[in-house]
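First comes the structure, then the notes that go with it.
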Amino acid sequence: MWQNSPPGSLYDYIRVASFSLDPAGRIEQWSERAAELFGIEPAQAVGRDPREVFAAAPSSQGAPRRIPISGEFPEGDRPWTGLVPYQRDGQRQGLAEIYVMPSQNAHGERAALCVAVDVRAMQGIETDIAASEAVFGQSPLGFFFFGTDLRLLRVNESFAQTFGRPAEWHRGRTPHDFLPRTEAERLTAALRQVLDSGRPVADLQLVGPVPGESERRRWSVSLYRLHSGSGRPIGVAAIATDVTGRRRAEREAAGVRRNLALLNEAGARIGTSLDLETTARELLDVAVPQFCDLASVDLYQGLLVGDEAPPGLADGSAELRRVASASAVSGAPRATDDKPIQVGEVHRYPFHSPCAGALRTAQPQAIPGRESTETSELGDSVRSTLAVPMVARDTVVGLVQFTRTKGSEPFGDRDTALAVELASRAAVCIDNARLYRREHERALILQRSLLPPVSPEAAGLEIACRYLPGNAATEVGGDWFDVIELPGHRTALVVGDVMGRGLRAAVAMGELRTAVRTLAMLDLEPAEVLSQLDEIAHGLGRPGGTQSAPRGVRGSVRPADLSEVYLATCVYAVYDPVTRRCTVANAGHLPPVLVEQGKPARLLEVQPGMPLGVGGELFEETVVELPDGALLALYTDGLVESRDHPLDEGLQAFRDALTDPARPLEDVCDHVLGALDTHHGEDDIALLMARLRGLPPDHVGDWTLPPEPRSVARARELAREQLPLWGLEALVDTAELLVSELVTNALRYGEGEIRLRLLLDRTLVCEVWDGGLVQPRRRRANDTDEGGRGLQLVGLLSAAWGSRRIPHGKTVWFELALPGGGGEVPDAVEALMSLY
């Protein structure tokens with residue numbers, strides 16, 4: 001069947017032309033292809049000698065063979081060839097090979113049929129074919145060609161090896177013959193797309209089996225359309241590469257990157273809290289669903305309650321409590337009616353179970369799905385479980401179980417190593433939280449043991465106090481408050497705060513509080529108390545608690561030395577209920593708040609001073625006269641300062657909360673704590689509130705006596721008259737005797753006028769003032785001594801006695817318990833007899 005040769009056929013590539021010679025050797029016929037090849041029109045060639053038509057020119061092949069003429073044709077029917085250089089438009093264009101085939105015309109005369117081929121085009125085609133065969137046959141890549149009917153025309157050996165069948169087997173095959181149906185449909189659609197649009201497709205991933213191999217292979221296929229010389233599509237060429245190994249390496253690399261990212265996330269998210277349960281939940285938040293489908297954490301019950309070494313820990317049989325669980329699956333069928341372990345439930349693992357083995361050996365255990373403890377909850381959907389012990393500092397603190405359900409890849413060696421690392425990080429954080437909680441509880445116990453009773457009592461004062469420690473996630477602070485009863489029914493109110501946190505701060509607080517009480521018992525002035533306390537605080541951070549350098553050389557102390565000094569703030573106030581005066585000294589602490597009837601709350605204007613521990617600083621006193629019913633509040637910065645609001649706003653809110661000071665003092669404390677943000681847990685909170693109730697005038701007896709012997713009798717007489725007025729007849733004899741001793745000593749060892757003062761409150765206090773600076777000293781008299789037993793008698797008959805300096809002399813005092821107040825009045829006669 002004849003048909004038109006399509007454009008771009010092979011004849012177009014090799015540039016073939018033809019012409020014929022008559023018996024006379026002249027051109028008889030000249031084809032259109034000849035005219036196109038040589039650039040000579042038929043009218044210029046027909047009837048002429050070929051030698052005249054083809055311009056002779058020298059070439060590397062030598063002179064061309066002469067075109068035969070009539071009578072010169074060779075004998076026989078063997079064709080012969082010749083090379084003819086030709087020109088077009090006067091220029092050399094190329095070299096043609098003339099293929100002369102002898103023939104006969106209708107009269108039996110000898111003639112010739114000539115075929116001309118462009119030599120250079122033929123050489124180019126030969127080179128292209130050789131190169132194509134080399135690339136197609138020798139390339140390690142799989143080449144294959146599809147025709148326009150989407151059937152394979154040709155494949156190379158690399159392709160045949162890649163797909164596991166001989167090259168000849170693939171001829172005429174479609175994608176459905178060597179790929180699974182889904183993959184074949186994808187390749188067919190891509191072939192049709194490339195054939196229709198001409199747009200290439202790169203890196204089409206195909207997956208399928210290979211005969212004789214169990215592993216499924218993965219290929220990367222790139223497609224592009226083939227065209228003829230005229231641009232007509234003639235098929236689709238493709239390159240296939242086996243990327244199974246590369247894909248496996250990519251999966252492994254992706255797995256490594258995923259694991260590293262998971263460990264990085266674990267480092268950032270696990271251990272943000274010092275709470276055990278919170279740390280366990282943070283572990284599960286990281287693991288589910290990035291690493292597994294569900295997980296649970298069990299911790300030893302003994303460790304949770306504070307035991308150092310719970311029984312049974314070594315063999316894995318001790319009780320555990322499930323503190324956290326997480327799941328990324330829902331609606332899974334239950335295989336049994338066994339009740340799963342709930343969060344908060346205390347349980348034990350059987351001795352021979354994999355979980356107990358993991359706890360016992362401190363090694364992870366892989367548990368098949370049918371043996372997993374999660375099977376009762378998820379039925380047969382569990383694929384595998386890893387039971388990983390949580391080991392911290394060579395101690396197993398618990399167990400974490402990672403579970404994957406069907407549809408997820410089973411755990412491998414790399415997964416096991418990652419699970420151990422996750423459990424180890426969480427275990428260290430959990431153990432740190434456990435140790436911190438233990439230290440926090442100890443510090444809190446120490447701190448609370450150093451604080452005064454919940455409702456301390458003092459003369460002329462109604463007191464209420466509150467102490468709120470920081471939450472469990474923060475270290476214990478060094479806040480403290482104290483109420484110290486001083487001679488003369490005076491009371492010292494103290495609030496302080498050691499800078500820093502932790503057990504050391506609590507210990508430093510205890511040392512400073514003890515020092516304050518000791519200095520207060522010496523009846524020093526508030527400024528002097530703080531000065532001495534400053535010296536003590538400055539020595540706390542030095543080796544052995546030694547005191548600081550002399551004040552003159554403190555400027556040479558290096559900053560590194562100062563960093564070891566404990567710093568603390570403190571406010572020390574002494575209230576005298578007789579004079580209604582309050583003397584305040586401040587060491588860098590927030591000033592007290594004063595509320596008077598009918599007036600808004602205000603901050604007392606006291607000198608701020610430097611914190612304790614700086615060393616060498618002078619402190620000033622502020623004296624304030626306070627009316628009865630006034631409210632004085634001392635506090636630490638945790639009450640008025642937090643991250644959510646600045647100090648000024650907290651102080652204003654504190655003052656606003658003290659709008660009704662007439663309410664019961666306990667209610668005022670509760671109202672203040674409720675109105676302010678006291679639940680932030682960032683710092684400890686100490687609040688000490690005192691309502692001032694001065695001694696009534698009729699509870700005070702105050703007399704001035706001249707420095708003469710008759711004043712002793714007058715003093716006895718005054719005591720004998722005053723006590724019955726107060727209903728203290730039972731104390732008349734004892735008080736008369738002791739007053740006589742103190743006034744006598746004032747006459748003998750003191751100077752100037754003598755002042756006698758009796759004060760009645762919860763006890764009876766007698767004070768004798770004089771202008772002498774020498775304070776009395778108690779000594780033991782010998783049996784033969786006639787005197788020296790006065791102060792011994794005062795010590796035996798009184799509940800307490802002492803002396804203190806005043807601006808212009810000294811005061812000697814004693815205190816007697818009131819009848820019916822729980823104290824027994826000593827017998828004066830027996831006390832006198834005991835001195836001999």
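A short reminder: the numbers here are calculations on the coordinates, not readings from a lab. Source: prediction; values computed, not measured. In this analysis, Cβ positions are derived from the backbone assuming ideal geometry, glycine residues included, and neighbour counts consider all displayed protein chains.
Values computed for the structure shown
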| quantity | calculated |
| --- | --- |
| Relative packing of peptides 277-290, 113-126 - highest average C-beta neighbours within 10 Å first | 277-290, 113-126 |
| Long-range amide H partners of residue 799 with built H, under 5 Å | 815, 816, 817 |
| Calculated from backbone phi, Karplus (6.51, -1.76, 1.60) coupling profile of segment 745-760 in Hz, x at Gly/Pro | 4, 5, 5, 7, 10, x, 9, x, 5, 10, 10, 10, 9, 10, 10, 10 |
| Approximate spin-label separation residue 154-residue 713, in nm, with each point projected 7 Å along Cα-to-Cβ | 15.1 |
| Pairwise FRET efficiency - residue 347 versus residue 421, Cβ, R0 = 25 Å, nearest 0.05 | 0.40 |
| 5 angstrom amide H check on residue 609, placed H, neighbours 5+ away | 588 |
| Shape of segment 574-702, Cα gyration tensor, a/c cut at 1.5 | oblate |
| Contour minus Cα-Cα distance for residue 762 and residue 128 (0.36 nm per residue) | 216.0 nm |
| Amide H contacts under 5 Å for residue 392, placed H, 5+ residues apart | 397 |
| Test item: Cα-centred dipole of segment 139-242, Lys/Arg +1 and Asp/Glu -1 on Cβ, debye | 260 |
| Using θ = phi - 60° and Karplus 6.51 cos²θ - 1.76 cosθ + 1.60, couplings along segment 645-660 (whole Hz; Gly, Pro as x) | 8, x, 5, 4, 5, x, 5, 5, 5, 5, 5, 5, 6, 9, 7, 10 |
| In order through segment 415-431: 3J(HN,Hα) via Karplus (6.51 cos²θ - 1.76 cosθ + 1.60), integer Hz, x for Gly, Pro | 5, 5, 4, 5, 4, 5, 5, 4, 5, 5, 5, 5, 5, 5, 5, 5, 5 |
| Shape of segment 139-242, Cα gyration tensor, a/c cut at 1.5 | prolate |
